[in-house]
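The values are calculated or read from the model by the stated rules, or taken from the named source; none is laboratory data. A quick note: this is a predicted structure, and the numbers were derived from the prediction, not measured. Cβ placement follows ideal geometry from the backbone for every residue including glycine, while neighbour counts extend to all protein chains displayed. For the accessible areas, the whole protein counts, side chains as well, though only heavy atoms, and no ligand, DNA or RNA atoms are used. Shrake-Rupley method; radii C 1.70, N 1.55, O 1.52, S 1.80 Å.
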Amino acid sequence: MFKVLITGANGFFGKNLVRKLEKGGDFLIFKYVRSDSLNDLDSYIKNSDFIFHFAGEVKLDSGAKKLKQSNVILTENIIILLNKYNKKTPIVYASSIHAITQTNEYGKTKRQSEVLIEKHCQKQGVKYC
């Protein structure tokens, strides 16, 4: 059984991927949502073979603190936990066109998250997208 973590499992990408995986194969799906704790994330990371990191704040008018918490800090926590367990788990990250332009806080936090994942995966020799 292939164990998959989907962050943002209640969001548009997450819930559609959950449905697809539930129909199509032998997967154990860990669904990380906003109401979950860091302990939940720890357990999911420890036991996952693959991560779809779709969680994050998507409202352009959210404050900088909320955007940083939902986008950057969550990504940092994922990387910390991967390192804690010395896991070389591949990651698919859903970013935004705003990460390229970085004309608002949302785009800046999405780009910061991309960079964190890129650096971690390159250092660990892990595939990411």
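Here are a few things to note about the model shown:
- Checking each residue in region 9-58 for being assigned to a loop (DSSP other than H, G, I, E, B), open to solvent by less than 40 Å² (accessible area, probe 1.4 Å) and modelled with pLDDT of 95 or more picks out Ala9, Val33, Asp36, Ser48.
- Some residue of region 86-104 being assigned to a helix (DSSP H, G or I) and of a type in the set (Lys, Arg): no
- Here Ser70 meets each of (1) among the hydroxyl-bearing types (Ser, Thr, Tyr); (2) over 13 Å from Ile6 (Cα atoms); (3) in a loop (DSSP other than H, G, I, E, B) with one exception, condition (3).
- In region 59-76, residue farthest from Phe27 (Cα to Cα) [restricted to those that are open to solvent by less than 40 Å² (accessible area, probe 1.4 Å) and under 17 Å from the mean Cα position of the chain (by Cα)]: Leu67
- Checking the stated criteria, Glu118 turns out to be without any contact (Cβ under 8 Å) to a residue 24 or more places away in the chain, open to solvent by 50 Å² or more (accessible area, probe 1.4 Å) and either of a type outside the set (Lys, Arg) or not in a helix (DSSP H, G or I) (or both).
- Unmet criterion (only one of (1) without any contact (Cβ under 8 Å) to a residue 12 or more places away in the chain; (2) closer than 19 Å to His120 by Cβ; (3) part of a loop (DSSP other than H, G, I, E, B)) for Ile80: (3)
- Tally of residues being modelled with pLDDT of 95 or more, open to solvent by 30 Å² or more (accessible area, probe 1.4 Å) and not polar (S, T, N, Q) across region 81-114: 6
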